[in-house]
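Colleague: Dropping the structure in here first, questions after.
The values are calculated or read from the model by the stated rules, or taken from the named source; none is laboratory data. The structure displayed is predicted, hence computed values, not measured ones. Because the Cβ atoms are built from the backbone with ideal geometry, glycine has one as well, and the counts that use them run over all protein chains shown. The protein model used for the area step is the full one, side chains on, heavy atoms only, and it has no ligands, DNA or RNA in it. Shrake-Rupley method; radii C 1.70, N 1.55, O 1.52, S 1.80 Å.
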Amino acid sequence: MLLVEDDEALGAQIEAQLRRAGFAVVWAKSGRAFADHDPGTFGMIVLDLMLPDAYGLDLLKDLRSRSDVPVLILSARNDTSTRVRGLKLGADDYLTKPFWPEELVERVRARLRRPILQREGAIEIGALRIDLHARLVSIDGKPVALTGAEFGIVAALAKKRGAPVTRAALAEEVLAGENEGAERTLDVHVSRLRKKLGESGAAIVTVWGIGYRLELGR
């Protein structure tokens, strides 16, 4: 998770609360520091609006042109126009300051539990096509031979494309018959799957501290 907050005291409190809740956190304290990170590597972004060198809504607008990573806005501004603009620009939630850190954690958890609805049986991302009904994966129309576990992984990610899926959830769904070491085994399957997909394997993004995500727009 990427936290973008310039207030040292508040940022430290939020970071500590999120870490206690089990989230891995990277803290960017300015718009410039935010720009140094690839949003696709995070499961969620907690974004303050009033940064010393940038306006959060401008950052959000630019972010939405290249990524669908969930964003929760933090702001002392509680006027309706700012809230509405933030949501129209693509924020998933808006929390006004001051707030209880416990509420922030629960809002983050709620958003990460929310699936992205699947609209069709087949999903296309660039040259990659995943047909969930026929259980077929192809690249430029050519079928890719996958094991049951490999297809299970790409199908599970496709069903929630754009949203992160935890390693534990993937292991439980795909490797239900395995217990000890299931998450390590899952990582091996993901590595092999990416190799089989070639350049299209880049659509399977590692979400630091959470699991994996099938990237939109790749």
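Colleague: Exactly one of these conditions fails for residue 102: (1) open to solvent by less than 70 Å² (accessible area, probe 1.4 Å); (2) assigned to a helix (DSSP H, G or I); (3) farther than 17 Å from residue 213 by Cβ. Give me its number.
Modeller: Single failed check for residue 102: (1).
Colleague: Considering 43, 90, which residue is touching a helix residue (DSSP H, G or I) at 6+ places or on another chain (Cβ under 7 Å) and on the phi > 0 side of the Ramachandran plot?
Modeller: 90
Colleague: Could you give every pair whose Cβ atoms fall below 6 Å, whose first residue belongs to the range 187-204 and is within 16 Å of residue 138 (Cβ to Cβ) and assigned to a helix (DSSP H, G or I), and whose second residue is of a type outside the set (Val, Ile, Thr) and open to solvent by 50 Å² or more (accessible area, probe 1.4 Å), counting only separations of at least 6 or pairs across chains?
Modeller: Correct list of pairs: 201/194; 203/218.
Colleague: For residues in the range 123-158 being in a strand (DSSP E or B) and of a type in the set (Asp, Glu), which is surrounded by the fewest Cβ atoms within 10 Å (Cβ to Cβ)?
Modeller: This residue is 124.
Colleague: Which count do you get for residues in the range 65-82 that are closer than 20 Å to residue 15 by Cβ, open to solvent by less than 10 Å² (accessible area, probe 1.4 Å) and outside any strand (DSSP E or B)?
Modeller: Final tally of qualifying residues: 2.
Colleague: Whether any residue in the range 175-189 is touching a helix residue (DSSP H, G or I) at 6+ places or on another chain (Cβ under 8 Å), at pLDDT 90 or above and over 27 Å from residue 19 (Cβ atoms) is what I want to check.
Modeller: Yes, there is a match, as at least one residue in the range 175-189 is touching a helix residue (DSSP H, G or I) at 6+ places or on another chain (Cβ under 8 Å), at pLDDT 90 or above and over 27 Å from residue 19 (Cβ atoms).
Colleague: If you take the residues of the range 13-34 that are surrounded by fewer than 13 Cβ atoms within 10 Å (Cβ to Cβ) and not charged (D, E, K, R), which of them is nearest to residue 56 (Cα to Cα)?
Modeller: Selected residue: 16.
Residue-by-condition table, conditions (1) over 28 Å from residue 204 (Cα atoms); (2) part of a loop (DSSP other than H, G, I, E, B); (3) touching a residue at least 60 places away in the same chain (Cβ under 8 Å); (4) open to solvent by 80 Å² or more (accessible area, probe 1.4 Å):
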{"site": "43", "(1), (2), (3), (4)": "no, yes, yes, no"}
{"site": "46", "(1), (2), (3), (4)": "no, no, yes, no"}
{"site": "53", "(1), (2), (3), (4)": "yes, yes, no, no"}
{"site": "63", "(1), (2), (3), (4)": "no, no, no, no"}
{"site": "84", "(1), (2), (3), (4)": "yes, no, no, no"}
{"site": "106", "(1), (2), (3), (4)": "no, no, no, yes"}
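Colleague: Test residue 6 against the criterion of being assigned to a loop (DSSP other than H, G, I, E, B), over 23 Å from residue 211 (Cβ atoms) and touching a strand residue (DSSP E or B) at 6+ places or on another chain (Cβ under 7 Å), and give yes or no.
Modeller: Spelling it out, residue 6 is indeed assigned to a loop (DSSP other than H, G, I, E, B), over 23 Å from residue 211 (Cβ atoms) and touching a strand residue (DSSP E or B) at 6+ places or on another chain (Cβ under 7 Å).
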